[in-house]
Amino acid sequence: MTDKATLTIGSEEYELDVFTGSENETCVDIQKLRAQSGIITMDQGFGNTGSCFSSITYVDGAKGILRYRGYPIEELAEKATFVETAYLILYGELPTEKQLLSFRQQIAEHAPIHTNLEHHFSGFPKSSPPMAILSAMLNLVSCFHPEVLDVHSEGPEFDRTAALLLSKVRTISAFSYRMAAGKPFNHPNPNLTYCGNFLHMMFSEPYQEYAASPVIERALKLFLVLHADHEQNCSTSTVRVVGSSRANLFSSVAAGVCALWGPLHGGANAAVIRMLSDIKTSGKSINFYLDKAKEKNSDYKLMGFGHRVYKNFDPRSIILKKRVYEVLDELKKDDPLLEIAIELEEKTLKDDYFKERNLYPNVDFYSGILLRAIGIPLDMYTVMFAIGRMPGWISNWRELLEHNQRISRPRQIYTGKNERKFVPLDER
Ligand code: COA
């Protein structure tokens with residue numbers, strides 16, 4: 001339903017369209033405002049700007065709701081595999097048995113990577129950050145599959161490209177770890193599940209095949225399902241911005257990987273573990289770190305706390321916290337960092353600074369502890385996030401093209417020098 005809003009600036013009135021989404025979220029459409037008035041709107045960091053209409057994921061930050069294609073995250077986390085979730089996000093419906101089988105087959109078929117692409121790994125120094133390798137390699141994949149460069153591919157071609165990407169991201173990630181560890185690559189095994197195959201490619205050794213315990217496979221599946229999409233976050237918006245120039249899917253998601261890398265976004269999962277380890281080894285109290293995070297002029301933040309959208313709780317962190325206990329219990333493991341995490345959470349929940357600013361644990365707060373229990377090395381944590389987020393990136397890229405969305409091109413308010421005359425070198 002379209003409604004109208006009136007904006008008054010000085011003596012002028014402007015009529016603007018108002019749109020309502022399927023969950024009754026409302027927006028004022030300012031697209032014509034500049035043409036009508038010469039005035040732009042300012043929203044640094046896009047904290048209150050809708051950049052698209054989307055039917056993929058719904059988040060209500062005040063109520064702590066997250067749904068993929070209408071299905072609550074709590075139900076998907078419990079009942080769906082990652083491949084089913086990816087299908088749902090990509091195609092809008094849960095797959096039938098036949099559809100799931102064919103999707104799985106396509107993923108299995110695309111798991112190996114071209115031998116020439118494999119050789120590129122040896123060009124990276126062993127110390128290369130896996131996120132740099134992942135971004136570079138995703139761009140490179142398109143050189144080996146030129147057909148994926150067609151941004152208008154539809155039907156079976158698009159299905160093939162999506163399955164190829166979901167599969168290659170997993171192989172490339174595991175190979176980047178093997179390369180850095182100086183270990184031979186483990187080629188994918190089509191008889192394993194998506195998660196089982198990843199664990200095999202990461203951890204099998206020439207002398208011993210890795211046998212993933214069901215507990216570990218389930219924990220990894222949960223991690224991936226919880227990360228599969230999160231509407232217009234920084235990396236997904238990056239994918240959309242890059243894709244809006246009609247750049248191909250592979251370069252768009254490679255850019256998404258770069259955006260995810262930062263510690264304020266996907267890099268937070270590793271930063272949380274570094275922070276908890278720091279608290280453990282420093283001998284300083286938790287209050288010391290709380291005070292540091294509260295200091296007005298410090299840019300120190302408690303990693304894993306706060307969210308642009310969730311102002312009550314992040315439903316993913318609730319699910320993860322519960323699962324972390326179960327996994328450690330089932331594996332008969334202890335993690336001293338979990339105790340520190342619990343104490344830190346308890347203290348922040350009682351602290352006025354955090355309460356007033358609605359800062360709660362986010363998805364990254366407990367996900368690192370889960371990844372530690374699975375045995376994933378710290379510098380691979382954000383890569384794991386990227387594998388999980390791939391269905392969301394692909395779907396958002398595709399939706400952008402389906403909606404034939406305009407190229408992303410924000411405006412600015414110029415605050416620099418006014419026009420001045422060029423000063424010759426000898427007079428400066
Ligand atoms: N520790 C301490 N203070 C924090 C904080 C944190 N983790 N997160 C936000 N704040 C403070 C801000 O400095 C700001 O303080 P002010 O009002 O005194 O200026 C206030 O809380 C509100 O911040 P907000 O507008 O909610 O943050 P944002 O939307 O710009 O940024 C994040 C959101 C997620 C980037 C931010 O909370 C953060 O950096 N968190 C830590 C990194 C992290 O966990 N990222 C993963 C996100 S899933």
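I'm checking my understanding of the structure. Among residues of the range 256-289 that are of a type in the set (A, V, I, L, M) and more than 22 Å from Ala373 (Cα to Cα), which one is nearest to the ligand (Cβ to nearest atom)?
Quick first cut of the range 256-289, residues of a type in the set (A, V, I, L, M) only: 257, 259-260, 264, 268, 270-273, 275-276, 279, 286.
Subsequent filtering for residues that are more than 22 Å from Ala373 (Cα to Cα) retains 257, 259-260, 264, 286.
Details: Val257: 16, Ala259: 12, Leu260: 10, Leu264: 4, Ile286: 13 Å.
The qualifying residue nearest to the ligand (Cβ to nearest atom) is Leu264.
In the range 340-385, what residues are among the charged types (D, E, K, R) and either farther than 18 Å from Phe175 by Cβ or in contact with a strand residue (DSSP E or B) (Cβ under 7 Å, 6 or more places away or on another chain) (or both)?
Glu343, Glu345, Glu346, Lys347, Lys350, Asp351, Asp352, Lys355, Glu356, Arg357, Asp364, Arg372
In the range 221-234, what residues are over 19 Å from Met131 (Cβ atoms) and assigned to a helix (DSSP H, G or I)?
Scanning the range 221-234 gives Lys221, Leu222, Val225, Leu226.
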Somewhere in the range 290-310, is a residue within 23 Å of Arg372 (Cα to Cα) and more than 9 Å from the ligand (Cβ to nearest atom)?
no
Flag for Arg323 being of a type in the set (D, E, K, R) and within 11 Å of the ligand (Cβ to nearest atom)
no
Let me spell it out: the conditions are (1) crowded, with 23+ Cβ neighbours inside 10 Å; (2) within 16 Å of the ligand (Cβ to nearest atom); (3) more than 15 Å from Met380 (Cα to Cα); (4) within 11 Å of the chain's Cα centre (by Cα), and Val253 meets all of them except one. Which number is the exception?
(2)
Which condition from (1) under 28 Å from Phe46 (Cα atoms); (2) in contact with a Lys or Arg (Cβ under 7 Å, 6 or more places away or on another chain) is the one that Leu337 breaks?
(1)
Glu399 is checked against (1) in contact with a Ser or Thr (Cβ under 7 Å, 6 or more places away or on another chain); (2) within 16 Å of the ligand (Cβ to nearest atom); (3) charged (D, E, K, R) and fails just one. What number does that condition carry?
(2)
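Residue-wise test of (1) crowded, with 17+ Cβ neighbours inside 10 Å; (2) in contact (Cβ under 8 Å) with a residue 24 or more places away in the chain.
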| residue | (1), (2) |
| --- | --- |
| Phe365 | yes, yes |
| Gly375 | no, yes |
| Ser395 | yes, yes |
| Arg398 | yes, yes |
| Arg406 | no, yes |
| Thr415 | no, no |
| Glu419 | no, no |
| Phe422 | no, no |
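So that you can scan it fast, the table gives a plain yes or no per residue for (1) within 26 Å of Val239 (Cα to Cα); (2) aliphatic (A, V, I, L, M); (3) under 21 Å from the mean Cα position of the chain (by Cα); (4) exposed (fewer than 11 other Cβ atoms within 10 Å of the Cβ):
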site: Asp17; (1), (2), (3), (4): no, no, no, no
site: Ile40; (1), (2), (3), (4): yes, yes, no, no
site: Gly47; (1), (2), (3), (4): yes, no, yes, yes
site: Cys52; (1), (2), (3), (4): yes, no, yes, no
site: Ile56; (1), (2), (3), (4): yes, yes, yes, no
site: Gly61; (1), (2), (3), (4): yes, no, yes, no
site: Ile65; (1), (2), (3), (4): yes, yes, yes, no
Failed condition for Asp334, given (1) within 28 Å of His230 (Cα to Cα); (2) free of Cβ contacts under 8 Å to residues at least 24 places away in the same chain; (3) away from the ligand (no atom under 13 Å from the Cβ):
(1)
Inside the range 235-280, can you point out the residues that are of a type in the set (Lys, Arg) and in a helix (DSSP H, G or I)?
Arg240, Arg274, Lys280
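For (1) without any contact (Cβ under 8 Å) to a residue 24 or more places away in the chain; (2) surrounded by fewer than 17 Cβ atoms within 10 Å (Cβ to Cβ), each residue gets a yes or a no:
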site	(1), (2)
Gly92	no, yes
Pro95	yes, no
Leu101	yes, yes
His110	no, no
His114	no, yes
Ser122	no, yes
Pro125	yes, yes
Met131	no, no
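Where a number appears in this text, it was derived from the coordinates with a stated rule and is not lab data. A quick note: this is a predicted structure, and the numbers were derived from the prediction, not measured. Every residue, glycine among them, receives a Cβ derived from its backbone with ideal geometry; neighbour counts consider all protein chains shown.
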